[in-house]
Amino acid sequence: MSNEGKGNLGDQNARDRIKLDTSAPLFVKAGAGTGKTTALVNRIVELVASGAAEITEIAAITFTENSAGDLKERVGQGLEGLAAALNQNNLKDQPSAELIRVEAALREIDLAPISTLHGFARRILRQFPIEAGLPIVFETLSPEEGNLERDERVKRIVEILFSEPNLQEEVLALHKLGLTEVHLISITKILEDNWDRCEEINIAVENFKNLDITLSKIANLIVKLNQLVERGLPIFRECKNENDKLFVKALPVFTKLKNLLQPSDSPDVIFGKLLESFPEGISFTRNGGDKKYWRDIGKIQVEWNQIVDGLTLLRKLMFDSKIYKVISFLSRCILEEANERLRNGTLGSHDQLVVTRNLLRDNSDVANIASQLYPRVMIDEFQDSDPLQVEIASYLGTGDANINEGGSIFCFVGDAKQSIFAFRRADVEAYNEVKEMFDPGNVISLDNNFRSLPGVINWINHVCSTIFSTAANSEVGLIYDPIVPVLPDGEIKIPEDQQVILLGKDCNAKDIGEAREKAGVEIASTIRNLIETKRQVRGKDGQWRSAKYSDVAILFPRRKASSEIEAALNAHSIPFRLASQSFIFGCSEIADYMNLLKVLNDPSDHVALLGVMRSPIFGINDDDLLQYANLCHQSRLDNLQDSERKKISLWDFRTVKCSESDTLSNSAVFSAMEFINGLYESKHSMEPGLFIGHVGHQTELLLKELGKERSKDGIRRIRYITAKAREICENGSRSLNDFIMWLDQMRDDNSRVPEAVLPELHEDAVDIMTIHSAKGLEYPIVVVCDLGQGQKNGAKMLFDSGTNYPELHFNKELNTSNSADLLKVENVRSAAEHERLLYVAFTRARDMLIISLHRESRNKYAPLIIEACDMDDSGIKYSFGSELFGHLDDEISSISNSTGGASSESLADEVQIYLAGRESFIDKYVAETASRRSQYNLSPTGIARLAKMELDSQDLNSHSNRLLYELDGYELESETADSEDKIGLIPLNLKSRGRAGTSVGKAVHSTLQTIDLSTGENLQEIAAYFANSELVPQYASEISKLVSYALASPIVLSAVNSGRYWREFYIGTSIGNRNIEGYIDLLIQTPEGFRIVDFKTDRSESESDIDNAMETYEYQGATYALAVEKVLGRPVVDVTFLFLQESGAIERKSRDLKAKVQEVRSLIDSLVQ
């Protein structure tokens, strides 16, 4: 929300310093919603206007690509506004020096180093590749590609470990202690993600985990164990019941330990003796026994507990003596791999930061030059920076880690209360350490919140300050700084006691599932009530209006916690969308889609096959599967010998065949297996990315035809995943199996995907997302659910701050000897971060904050919130949902009954109707596609390419295999159109921007698919979203301009006026011996027939360039026309290509369409099978 027109603010002096005190280093503590981005923009504009720095000398570093794009756009707007004001006030013939500087900055805004830290690191490395030890031309991997490369390295390194002869004894011993290959992979993955620490890990291991120390501890421990055994054994004679639990479990241990171990024994001898004596393991429970059977049970319990503790410690010391040798070996392997990557010039995300840090740290000349290139450095969201990022900033020109001396002048902006990215190594302690480096007079605060209503702010301040002062953040030393509400202009149309609503205060469920079910119903009822009663909220313009579903966001602390909410929203007919990547990966449609891909990758994976058959994609139930199995036995297996029967699998879709007279032909399972086999046979004729897209399309068709509930949203999710597949597989080096591995990793609870998925802005739907994804966003109404912290399972590597050596923790039984204390510290830090996570969630709300307090016994935060609200002196106002909505309890009961108690008769009828429709569709689909299963697929774009090739028939068919199928129908603009190893589509002299050019085209197409063609509403916002999603935020204004040209073109206006048009119209049919599939940008229906419109974003130098391009595009349009006429049975009147140029939109119609259609048909017929 804008802070203009708010008068003199309590923190105005701080805002003025940020803008005007450009020569001083500043550390700005900026609370949520305090307008820090506006403050940064003002500082940058002032630096430029005053001549203190040029726009290309100001490095502004943000946390995400989206925020970087937003900051650059807002800086441009600020410069444009200042230029307009200066022009208006300029009374002289010559422009002022200030105006000249501002206009120069506007011309160079695209070159401004406003980016993420990774983008800034890449910029430095490209300026100094030789000094960094890199090739002059090096490659940076996308996060997806980087993760896949890392996983491959991890597997390779673990395999090397297993084959290392000098470590075979250690690996075998660790395995006997319970360390599995999965554990080793986890360790290696952690080391890979922290490879910058591997060198110091090696040093620490050698210094602090040497064998002498371990041997000494083991010898002393054995002496103590022997003493305990000698004292304890006589006590067992006093037990009056040999069946006593303590007697049964303890006596054998005491007996076996007697004279078993000697202090002089080597670790390997000790280990061998323990394994032989305790093959079931050396882990025992403490205490036990019934005191009535013992003269002094306390004494034997003490002895027994000391034995247990001693054996546990001995086990850990044995573990230490083996695991640290393995860690040292893994660290060396990882460093070798890292050095190899640097020599080859292939850098992942973490590599870029490590190499940049090393360059600036080790080469003072480069650091000094960098500080001269970027004399002003601003870092936003500094609380989310890890120590490595801090080092990069600190070494700019200083040669050491002192921020405050020499080099670039810094402006750090952050809020410790919003530090929530520890999984990215963000460290709130590093934030505080940097703050302490600044002169106290240069540490300033922004406290005035322009986002939220006063009632919301007051509640947040009271509750969060209470939690921070009594819980984990008090232990890490974080003090809550309150934020100050700024009253909005005019009347506030929500009573203060209704700005915060608490739901489920009295809900104490038996488990988390029940709590979430109750929360889902009450939240859905509340949201529907707010919309139906037209509760007032503020729009982005600050004006009050009735609330819409798209004004609501439901936030969760973690993944995979939304299924109950989704079910409740569906029951209330409330539209919603999953707006976080993490939720997208975790949803059921993607699980089903992945099962289908697994089957196609490995036909022997029958578990995945049955899973996808029982999913909504095919809708097959257990009765169908049983019937199919019985029919198989009756029709074929019963007639075979046992030896032959073993060779046939009921579930191998490749071998299941039957005639039309066979009873199997009417089975829904058989039809589904035929469908899957058709996909499988097409796999070998497509590249992996195209094949995954093809499978996605066929899945979409099934979901549409089966009428799956909310199929549109499911299809959107599948399209998102197939787009990711194209990114991962685009260079041709990735297989279907690689993509499945990546998708499996993304679905893992422990993987982190914090970026928000681009929402479909034209839909009025509730957003469901994680709190991490919501960072930086705001909504009029925010619902916060699932307040409990939860447990993060998995391997942990914890570093002692004093010694730097790592301690490992896998589970209660498997950990290193000194891990317990570090684990306690880690748990406190994790709890403190969860408290900050709640603060971030609460501060996303503008007008109304709704808190779900539904909980089970382990949730400690809901009681803390209730306790804070119940304080007599709190002075805060809020409402309980059950009191605010009088009918809510009855409605909850009604919904609960309706969702769980539908009559079996009506349900059976619905199921039968559904199954009949599904079987009818499958029969129809199988019949339609039976003759196409072994055919090649071509897109209209591919046919256009073939038509322009001057090749003989043999070459034409060999190239057709490379052009089999293109998912989107976008033109693949080659940067080297004349290259022999690439087939260029457009013989234009393009102003190519490389990958950015293609990305701009995709963003233009996406915007035109999304925006309201009749009004163009939210054009700039939608264009900016898609520019960010394609990683070209600097072209957002250009994308918006190109789309505006399209909206104003005669052909688009005619579509709007007709009222009968479709965007992204899928067309698929068979022509001759080929399948034609693609998407039409815009299809218009007229009384005379259909009109096809194709948007083109090629950059041409002249009209003749467009004429040359049309020679290719006309064949593409003719292919679309041929397919449309066959499928829809009506003629195509014309095909229009709308070229979107910098100067405007140019319409070109296909010439002699009928003749071109005939040429395309002849071309297709000429292709051999």
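None of the figures in this text is laboratory data; all of them are computed from the coordinates on show. Not measured: the values here are computed from a predicted model. For neighbour counting, all protein chains shown are included, and Cβ atoms are generated from backbone atoms with ideal geometry for every residue, glycine included.
Applied to segment 777-783, the Karplus parametrisation 6.51 cos²θ - 1.76 cosθ + 1.60 on θ = phi - 60° returns per-residue 3J(HN,Hα) values of 9, 8, 9, x, 10, 10, 10 Hz, with x for Gly and Pro. For the listed peptides 1045-1055, 286-296, 53-63, a ranking on the average number of other beta carbons within 10 Å per residue, highest first, reads 53-63, 1045-1055, 286-296. Rounded to whole numbers, the Karplus 3J(HN,Hα) couplings from phi for segment 508-515 are 10, 6, 6, 8, 5, x, 5, 4 Hz, using 6.51 cos²θ - 1.76 cosθ + 1.60 with θ = phi - 60°, and x at Gly and Pro. Computed from the Cβ-Cβ distance with R0 of 60 Å, the FRET efficiency linking Arg123 to Thr655 stands at 0.60. Per-residue Cβ neighbour counts within 10 Å put Asp427, Asp16 in the sequence Asp16, Asp427, beginning with the fewest.
Here the simple spin-label model places points 7 Å from the Cα toward Cβ, and for Ala629 and Leu777 these points are separated by 4.4 nm. The slack in the chain from Ser216 to Glu139, taken as 0.36 nm per residue of separation less the alpha-carbon distance, amounts to 22.7 nm.
If you count, for each residue, the other Cβ atoms within 10 Å and average over each peptide, how do 594-607, 165-178 line up from highest to lowest?
594-607, 165-178
Using the Cβ-Cβ distance between Glu131 and Ser588 with R0 set to 41 Å, the FRET efficiency works out to roughly 0.20.
Loop-located GluC sites (Glu not before Pro) across segment 243-310 with a Cβ neighbour count of 16 or fewer within 10 Å are Glu280, with loop assigned by DSSP. Near the amide H of Leu1013, within less than 5 Å, lie no amide hydrogens of residues on another chain or at least 5 residues away, with H placed in the peptide plane. Here the gap between Gln498 and Glu532, fully extended at 0.36 nm per residue and compared with their Cα-Cα distance, gives a gain of 10.6 nm. Once you reduce segment 209-276 and segment 1086-1118 to the center of their Cα atoms, the two points are 85 Å from each other. When the Cα centres of segment 1039-1056 and segment 511-584 are compared, how far apart do they sit, in Å? First find each Cα centre; the distance between them is then 35 Å.
What's the magnitude of the charge dipole for segment 143-344 around its Cα centre, counting Lys and Arg as +1 and Asp and Glu as -1 at the beta-carbon? Answer in Debye, nearest 20.
Result for segment 143-344 is approximately 1400 debye, rounded to the nearest 20.
Between Asn1108 and Asp622, the modelled label-to-label distance comes to 6.7 nm, taking each label 7 Å out from Cα in the direction of the beta carbon. Counting 0.36 nm for each residue step from Val223 to Glu276 and taking away their Cα separation leaves a gain of 17.1 nm.
Close amide-amide hydrogen proximity is noted between Lys1149 and Phe1137, each under 5 Å apart and 5 or more residues distant or on a separate chain (H modeled in the peptide plane; Pro and chain starts excluded).
Between Lys292 and Val1127, what is the FRET efficiency for a Förster distance of 60 Å, r being their Cβ-Cβ separation, to the nearest 0.05? E between Lys292 and Val1127, to the nearest 0.05, is 0.10. Backbone phi angles across segment 354-362, fed through the Karplus curve with coefficients 6.51, -1.76 and 1.60 (θ = phi - 60°), yield HN-Hα couplings of 5, 5, 5, 4, 5, 4, 6, 6, 9 Hz in residue order; Gly and Pro are listed as x. A cut-off of 5 Å between modelled amide H atoms, ignoring neighbours fewer than 5 places along the same chain, links Val1132 with Phe1090. Projecting label points 7 angstrom from Cα along Cα→Cβ for Trp1062 and Gln168 puts them 6.6 nm apart.
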